[in-house]
Amino acid sequence: MSSSFNTLIISDLHLGEDLSPSANEATSRHVDLVERQLVGFFQHYSRRREDGRSWRVVVNGDMVDFMSITILPNRPELARLVADRGHDDDEFGLRRTINATMVKVKMVAERHADLMAAMAKFVARRHRIDIICGNHDVEFTWRDVQAEFKQAVVDAYHRLPESQRAGAASDQDIKDGIGFHPWFFYEPGVAWIEHGHQYDENCSFDYGLNPMHPARNEIVTNVDTAGTRYLTNYVREIDAHAQEDWSGLGYVRFAMSLGVRGTLRTAKAYHAFARALLSVRKATMGPRARRVRKPGHDRRLLELADEWSLEPSLLRDLDSLKRTPVISNMPRMMSILMLDKVLIVGITVVATLIAMLLWGLAWGSVAGFAAMFVASVLVWLVDRGRDVDPATPLKLVPERILARIDAQYCIFGHTHKPLRMGIEGGGVYLNTGTWLPSGKPGLLRAFTHVMIRHSGSGASAQLMQWRDGASRPFTDGGRLSKSSAAMSVQRADETSPSISAEAR
């Protein structure tokens, strides 16, 4: 099925990220830059085939940042969404419902009209785009949202001058050239591709193929969603792509750095964050909630097994590799909410008061200081022992996947950290990184992707970076060695015997 295509895998574009309250000028500049580079990327490959093969672009999750886009339900044109309104939507924006998402698709299509047109021309030239759901755009599991996005691409094609349209592609041709995948894309013998958020406890869903709240028609809230909705979208000083790496004490220090008003605002956001997590834990735990949610997940898993000609037992085995969401793990929940630290401090205060009552003020104070020292050490150890880097578990899973699946490569996104790593048991783990240049080291590690080429000797995958109008081998730090430079893909204005430039 896939050997007729060479494959380009990109991820973590976060389109629409600047449509959130926390966005600033820098965010808009970054998103504009991402769009310009993506337009060039699609234009470049839409005009080229390698060894007669078309290109398949796999967008490996977080293409659209539905999670960050915030709609406050106070505008007349949003009246139809009022039925979806929750108790705190007026302050924090509409929840992740299907109606709200349909509006978000329109917002993104309008914001990124040039990119939508470039994608339309790409598929009109008989190339293909396959979109995998990530944690920021898990809404793409809804077929109505998929259809809305496809229609937006078709509409962008119709807005092009006739001279810029590619061939005689029909609306259905364009729609058929775009596919959606709720979990993975698999090229037998070559690559297993998925976003990877299911191996990050802050971002995983216990039923990833049916990530719905058991009682409400919305995406179930996990730590990732709650953190974005109540913290980064409300406290604008928080970097949306840094908050996942902060410890509890890091948040306390950050809040105090904002002054009195900033500290109070952060405390209010934290209260809403904690309340949301405790509420969703209560709603999703227990046999009744499982009876509501599990059948939809199991049914979709069987559909995927049939679609990809894989044994259902194999997919169940792979699904079991996911990390338990924090919400389902009380000790981790206490750690995320810093309740373990509050408990340590509370015990220390009570112990000090008891010591003063039993031994008097002098010796009680000494005991209190000793208890405070022990408590400080315990808090430090608890904070230090928490591994908050999502890249760590994602490095451990590929070996387990490749031991079960016939593939040479396991390819994730999610971490925003481009990586190629050999696996001890055989095979290679690749991470596509991100196209978003926010955060360190910024541009030096942005615009990364994986290229899979087919030849008579088989398939090979290489970690690349889009620079100067072409895909070039990526080296950490963004600098090419002499040997890598010699292997660079041809520039956009050059051709090679195996790459043919089509008519513009």
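The numbers here are math on the coordinates, done by the rules we state, and not lab data. Given the structure is predicted, the values throughout are model-derived calculations rather than measurements. Glycine gets a Cβ as well: all are built from the backbone with ideal geometry, and neighbour counts include every protein chain shown.
Here are the numbers for this structure:
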| quantity | calculated |
| --- | --- |
| Per-pair calculated FRET efficiency, R0 = 35 Å: H271 and L321 via Cβ, rounded to 0.05 | 0.50 |
| Sites matching trypsin sites (Lys or Arg not before Pro) across segment 141-230 that sit in DSSP coil, with at most 15 neighbouring C-beta atoms within 10 Å | R159, R165, R216 |
| Burial ordering of M356, M330, M67, M116, fewest other beta-carbon atoms within 10 Å first | M330, M356, M116, M67 |
| Segment 109-181 pair-distance distribution - Cα-Cα, 10 Å bins, rounded % | 21, 53, 23, 3 |
| Above-threshold pairs, the threshold being 30 Å between Cα atoms, out of K104/K268; K104/K294; K282/K322; K294/K417; K175/K395; K282/K417 | K294/K417; K175/K395; K282/K417 |
| Point-to-point label distance, E311-R288, nm (Cα→Cβ direction, 7 Å offset) | 3.8 nm |
| R0 of 22 Å, Cβ-Cβ distance D90-L278: FRET efficiency to nearest 0.05 | 0.55 |
